[in-house]
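Novice: Just passing along the structure, written as structure tokens.
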């Protein structure tokens with residue numbers, strides 16, 4: 001049985017117990033949330049019994065790092081290095097978004113090397129295979145698309161994206177309203193182009209029950225993709241996006257009824273004042289399913305700094321109830337990220353997630369901050385570095401900021417250090 005089926009039968013599995021320990025929650029709490037569909041556990045049935053990461057209500061906000069090769073840069077070793085950097089930086093999961101002729105080889109290597117759950121977009125695999133065989137993406141057959149999902153489930157993928165909620169009606173609404181950037185989701189573009197070229201409904205929608213069967217066989221969590229996510233602030237919360245969200249809610253109900261774990265993907269580029277409304281709407285429409293957001297990015301003008309624009313939006317989204325943040329690197333909109341960009345993206349995203357956890361009252365979240373505050377008051381530099389979210393960077397900056405006056409202060413205030421000064425009087 002799948003995790004959600006076990007939970008409905010009142011069974012607390014080893015995976016649920018492991019999530020409960022990691023989250024400082026009672027096993028029954030985790031079981032109840034999995035049963036209700038408000039928590040998912042990312043773990044293919046191929047995985048060891050206690051492997052898995054919990055995502056959802058009352059749990060720590062999780063961080064995903066996207067890696068993967070593009071047609072312009074294919075190197076398995078580079079992607080494994082990005083994987084290592086992402087995990088070392090604290091990513092809770094990774095997604096392999098490779099779109100190239102050797103995508104299968106790269107995915108198999110990542111699955112073998114990763115100590116965290118791995119997600120994919122099987123539609124990318126189908127597209128890459130079509131191009132490799134001399135066809136256009138729009139000439140993929142429905143059977144070839146389904147075969148990609150089957151392949152990814154069988155080789156051990158823990159969660160995969162299904163762009164099933166972009167329908168012909170959603171595209172019509174987008175066209176009628178008008179959009180500045182149209183469709184910026186790669187999977188969404190593949191699906192939309194296929195529908196237009198073949199004058200047919202999205203096969204991921206029409207054959208969704210078959211995809212559910214594939215996912216259920218290996219307890220793969222379905223992540224309902226946001227093909228209509230806004231690619232700029234001007235397109236945020238428009239009719240195309242909301243139409244897709246309504247379909248996502250209906251498909252989430254079908255997944256849960258079928259015994260398949262499901263989470264929902266969301267925007268995208270969103271003005272900061274609209275983020276909370278987007279989260280509340282998603283939770284309401286999708287029955288409290290875990291919400292997985294890219295960013296959101298709160299401005300369009302910061303290429304090179306989009307890990308920061310995304311962290312701002314991610315913190316607001318997490319505080320409002322988002323459960324899973326997909327990182328954005330400094331290379332967003334510019335280039336395929338390198339290992340150092342992966343590190344920067346994960347760190348920025350983890351800061352956002354933690355800020356959200358404090359706002360949500362996640363158990364133990366403020367303990368970390370209190371520990372840092374005590375170390376700062378005592379000017380225990382080694383302990384501050386150990387407590388920091390990025391100890392390596394903290395140690396580097398401390399090494400060049402140590403005061404020549406005394407070892408227990410820094411060059412910011414020197415002998416005028418307020419924490420040291422008030423000890424005499426307060």
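Novice: Between 339, 318, 335, which is in the same structural domain as residue 264 (by TED's automatic domain parsing) and closer than 13 Å to residue 63 by Cβ?
Specialist: The conditions single out 318.
Novice: So, residue 156, is that one crowded, with 23+ Cβ neighbours inside 10 Å and closer than 27 Å to residue 63 by Cα or not?
Specialist: Judged against the criteria, residue 156 is not a match.
Novice: For region 390-416, give me each residue that is assigned to a loop (DSSP other than H, G, I, E, B), surrounded by 15 or more Cβ atoms within 10 Å (Cβ to Cβ) and at pLDDT 85 or above. Full working, then the answer.
Specialist: Residues of region 390-416 that are assigned to a loop (DSSP other than H, G, I, E, B), as a first pass: 390, 403-409, 411-413.
Then keep just the ones that are surrounded by 15 or more Cβ atoms within 10 Å (Cβ to Cβ); that gives 390, 403, 409.
Correct list: 390 only.
Novice: Pull out all pairs, ordered by first then second residue, where Cβ-Cβ is under 7 Å, the residues are six or more apart or on different chains, the first lies in region 51-76 and is in the same structural domain as residue 296 (by TED's automatic domain parsing) and over 23 Å from residue 365 (Cα atoms), and the second is modelled with pLDDT of 95 or more and in a strand (DSSP E or B).
Specialist: Within 7 Å, the pairs are 66/95; 66/326; 67/94; 67/96; 68/96.
Novice: Yes or no: residue 123 in contact (Cβ under 8 Å) with a residue 60 or more places away in the chain, closer than 30 Å to residue 285 by Cβ and surrounded by 23 or more Cβ atoms within 10 Å (Cβ to Cβ)?
Specialist: yes
Novice: Kindly indicate which of 17, 79 is closer than 30 Å to residue 336 by Cα, part of a helix (DSSP H, G or I), touching a residue at least 24 places away in the same chain (Cβ under 8 Å) and touching a helix residue (DSSP H, G or I) at 6+ places or on another chain (Cβ under 6 Å).
Specialist: The conditions single out 79.
Novice: Here are some conditions: (1) over 17 Å from residue 153 (Cα atoms); (2) in contact (Cβ under 8 Å) with a residue 60 or more places away in the chain; (3) over 17 Å from the mean Cα position of the chain (by Cα). Residue 101 meets all but one. Which one does it not meet?
Specialist: Failing condition for residue 101: (2).
Novice: Collect the residues in region 193-212 that are under 22 Å from residue 286 (Cβ atoms), surrounded by 15 or more Cβ atoms within 10 Å (Cβ to Cβ) and without any contact (Cβ under 8 Å) to a residue 60 or more places away in the chain, keeping them in residue-number order.
Specialist: Hits for region 193-212 are 202, 205, 208, 212.
Novice: Out of curiosity, is residue 278 crowded, with 19+ Cβ neighbours inside 10 Å and in a helix (DSSP H, G or I)? Spell out how you get there, then give the answer.
Specialist: On the way: crowded, with 19+ Cβ neighbours inside 10 Å: yes; in a helix (DSSP H, G or I): yes.
Taking the combined requirement at face value, the residue satisfies it.
The values are calculated or read from the model by the stated rules, or taken from the named source; none is laboratory data. Keep in mind that this is a model prediction, so the values were computed, not measured. Cβ: placed from backbone, ideal geometry, glycine included. Neighbour counts: every protein chain shown.
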